[in-house]
2 protein chains.
Amino acid sequence: MLQIPALEKLVHELSRLPGIGPKTAQRLAYYILKSKNSYPEKLSESLLRVQSEVHTCPECFNYTDRAICKFCEDPHRNSEILCLVEEPSDISRIESSGAYRGRYHVLHGVISPLEGINAKDLKINELMARLAASQNENNEKPIREIIFAFDADLEGDTTALYLTKSLQGKNVKISRIAHGIPMGSDIDFIDDRTMGRAMENRVEL
Amino acid sequence: MLQIPALEKLVHELSRLPGIGPKTAQRLAYYILKSKNSYPEKLSESLLRVQSEVHTCPECFNYTDRAICKFCEDPHRNSEILCLVEEPSDISRIESSGAYRGRYHVLHGVISPLEGINAKDLKINELMARLAASQNENNEKPIREIIFAFDADLEGDTTALYLTKSLQGKNVKISRIAHGIPMGSDIDFIDDRTMGRAMENRVEL
């Protein structure tokens, strides 16, 4: 439609981004064309820099630009607790709460039969190897607890169930973050499933 | 927050795009990191390619990758009618209607005192020069009509008013595209201003 191959190619590449449809991609491409201060070069540079500098940590699979990520490196963190998350972006959400000082392990997805994602596509074998290595008798601080911090949806529940089974008999406590009424919210506006969970998981005072 | 400079830079550059907030930019950056088939290189390449290949047509200021754009080059188009648009993207909207076969002139914006955009920031001097050149006595097909195809908002109206004054006495007919009820729409749901315009501009049958 635009009949300018270079522009059509840019629209095509931009429309591959999540949440960016062809119409938005076209708007972005026109914005980029109109932009000043060599914005296309800067964006292009930062794309290549991310590609070359950022990789996953060999220990926990979080993103990092060092040999090992800052959470794995930090000697003040508790190595006996491991928090399992779906994506690296979940870590910053947990960190900013300040409520957790253990280590992390990123699965890079959840089990989703509908999308064809199986346990072997995730960093689960790596988790098992990490747990076994930590339980080596020479290690004074083996992993004692694994916390599941998955999204509160079907895929998160499936993954939690699968991992609970896989971790049986491995001498490790398993927990998951609590589901319930969000802080500061009005009980009137809570949906049925959340209220159900909140009742079920009520805490004795 | 991410504490990976390369990733933070990419989020920063992405969040400069229109409609992309910091949260969306972060989601896009993570998507780019996770992407396969060297997507960052492809996107980076297409950004640089657009930057180097695409420029504005010296005649009408539409975007093109040739010396002169295809609308200015096409000998079958009517050189006696000129359609004025705000942005190059408006041209494809008009073209796909198939209702116009004249030439174009892109202003690259509209007069907007609030945003500090004055007449001199637009391709208005270029329009005047183009009109004058076409009215050279050796030219058999001077511009006889100029159509304003601006957005139906305050800035569009201001620009139309300014140009109407500037073009007075220049021996050229001035028109603007019609405002009224969109085709296929239900009269019940039309807003007051549109209905007002539709009444005012009623067409005798």
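The values are calculated or read from the model by the stated rules, or taken from the named source; none is laboratory data. Not measured: the values here are computed from a predicted model. Neighbour counts run over all protein chains shown; Cβ positions are idealised from the backbone, glycine included.
Scan (1) over 14 Å from the mean Cα position of the chain (by Cα); (2) surrounded by 17 or more Cβ atoms within 10 Å (Cβ to Cβ); (3) part of a strand (DSSP E or B) for the single condition residue A:148 breaks and write down its number.
(1)
Would it be correct to say that residue B:8 is free of Cβ contacts under 8 Å to residues at least 12 places away in the same chain, more than 7 Å from every other protein chain (Cβ to nearest Cβ), part of a helix (DSSP H, G or I) and surrounded by 17 or more Cβ atoms within 10 Å (Cβ to Cβ)?
Numbers: free of Cβ contacts under 8 Å to residues at least 12 places away in the same chain: yes; more than 7 Å from every other protein chain (Cβ to nearest Cβ): yes; part of a helix (DSSP H, G or I): yes; surrounded by 17 or more Cβ atoms within 10 Å (Cβ to Cβ): no.
For residue B:8, the condition - free of Cβ contacts under 8 Å to residues at least 12 places away in the same chain, more than 7 Å from every other protein chain (Cβ to nearest Cβ), part of a helix (DSSP H, G or I) and surrounded by 17 or more Cβ atoms within 10 Å (Cβ to Cβ) - is not met.
Would you be able to tell me the number of residues in the range A:99-121 that are crowded, with 16+ Cβ neighbours inside 10 Å, within 24 Å of residue A:78 (Cα to Cα) and not hydroxyl-bearing (Ser, Thr, Tyr)?
6
Would you check which residues across the range B:24-36 are more than 8 Å from every other protein chain (Cβ to nearest Cβ) and either within 27 Å of the chain's Cα centre (by Cα) or within 16 Å of residue A:28 (Cα to Cα) (or both) and list them?
Within the range B:24-36, just B:25 meets the criteria.
Taking the range A:42-76 as the region of interest, how many residues are among the charged types (D, E, K, R) and facing another protein chain (nearest Cβ under 7 Å)?
Here the count works out to 5.
Only one of (1) among the aromatic types (Phe, Trp, Tyr); (2) outside the structural domain of residue A:84 (by TED's automatic domain parsing); (3) touching a Gly at 6+ places or on another chain (Cβ under 6 Å) fails for residue A:189. Which number is that?
Only one criterion in (1) among the aromatic types (Phe, Trp, Tyr); (2) outside the structural domain of residue A:84 (by TED's automatic domain parsing); (3) touching a Gly at 6+ places or on another chain (Cβ under 6 Å) is unmet by residue A:189, namely (3).
Are any residues in the range A:13-23 over 13 Å from residue B:40 (Cβ atoms), within 7 Å of another protein chain (Cβ to nearest Cβ) and over 21 Å from the mean Cα position of the chain (by Cα), and if so, which ones?
none
I'd like the full set of residues that are surrounded by fewer than 19 Cβ atoms within 10 Å (Cβ to Cβ) and under 26 Å from residue A:108 (Cβ atoms), limited to the range B:31-66.
B:31, B:34, B:35, B:36, B:37, B:38, B:39, B:41, B:42
Is it true that some residue in the range B:105-113 is within 7 Å of chain A (Cβ to nearest Cβ), hydroxyl-bearing (Ser, Thr, Tyr) and touching a helix residue (DSSP H, G or I) at 6+ places or on another chain (Cβ under 6 Å)?
Scanning the range B:105-113 turns up no residue that is within 7 Å of chain A (Cβ to nearest Cβ), hydroxyl-bearing (Ser, Thr, Tyr) and touching a helix residue (DSSP H, G or I) at 6+ places or on another chain (Cβ under 6 Å).
Is it the case that residue A:91 is of a type in the set (A, V, I, L, M), crowded, with 17+ Cβ neighbours inside 10 Å and more than 13 Å from chain B (Cβ to nearest Cβ)?
On the way: of a type in the set (A, V, I, L, M): yes; crowded, with 17+ Cβ neighbours inside 10 Å: yes; more than 13 Å from chain B (Cβ to nearest Cβ): no.
It is false that residue A:91 is of a type in the set (A, V, I, L, M), crowded, with 17+ Cβ neighbours inside 10 Å and more than 13 Å from chain B (Cβ to nearest Cβ).
When you check residue B:146 against the structure, is it outside the structural domain of residue B:83 (by TED's automatic domain parsing) and closer than 24 Å to residue B:99 by Cα, yes or no?
Against the criterion (outside the structural domain of residue B:83 (by TED's automatic domain parsing) and closer than 24 Å to residue B:99 by Cα), residue B:146 does not qualify.
With respect to residue B:3, determine if the residue is under 27 Å from residue A:67 (Cα atoms), polar (S, T, N, Q) and at the interface with chain A (Cβ under 7 Å from one of its Cβ atoms).
So residue B:3 passes the test.
Within the range A:183-205, which residues are surrounded by 10 or more Cβ atoms within 10 Å (Cβ to Cβ) and outside any helix (DSSP H, G or I)?
Residues satisfying the conditions are A:185, A:190, A:201.
Output the number of the condition that residue B:163 fails; it satisfies all remaining conditions of (1) assigned by TED's automatic domain parsing to the domain that holds residue B:118; (2) part of a loop (DSSP other than H, G, I, E, B); (3) surrounded by 12 or more Cβ atoms within 10 Å (Cβ to Cβ).
With respect to (1) assigned by TED's automatic domain parsing to the domain that holds residue B:118; (2) part of a loop (DSSP other than H, G, I, E, B); (3) surrounded by 12 or more Cβ atoms within 10 Å (Cβ to Cβ), residue B:163 is out only on (2).
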